[in-house]
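Please treat every number below as a calculation from the coordinates, not as lab data. Worth saying up front: this structure is predicted, and the values here are computed from it rather than measured. Note: ideal-geometry Cβ built from the backbone for every residue, glycine included; neighbour counts use all protein chains shown.
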Amino acid sequence: MKKLLLLCLVAMIMLGGCMGKASEDKLAQDLKSPDPDVRINAANKLADVATAEAVRILLVHKEDPDFRVKEAIKKALAKIDKRTFLN
């Protein structure tokens, strides 16, 4: 029973890693949206993902022309920076 539980846990972690990459790609595309609200939402979600790739994506877009998006990206990077580790 313990082996089955461990196997399920490992499978969930691996699946989460695969899904994470797809969501990062989608959020990277959202940061290119003409709608500032979509870009702000993407920045906030990337802060929750908090991977090295999320940081890279946020850094690429940190000079957004909209000051609200710029501030959201700045806050997202600060939120990630406060975490103790990156995935």
Cα→Cβ-extended label distance, 7 Å offset, between residue 44 and residue 82, nm: 1.5 nm
Relative packing of peptides 64-70, 50-56 - highest average C-beta neighbours within 10 Å first: 50-56, 64-70
Label-to-label distance, nm, for residues given as residue 33 and residue 60 (7 Å Cα→Cβ offset): 1.7 nm
Cross-link partners of residue 21 among aspartates and glutamates (Cα-Cα below 19 Å; sequence separation of 8 or more within a chain): 30, 48, 53
Backbone HN-Hα couplings from phi across segment 45-54 [Karplus 6.51/-1.76/1.60, Hz, Gly and Pro as x]: 5, 5, 5, 6, 5, 6, 9, 4, 5, 4
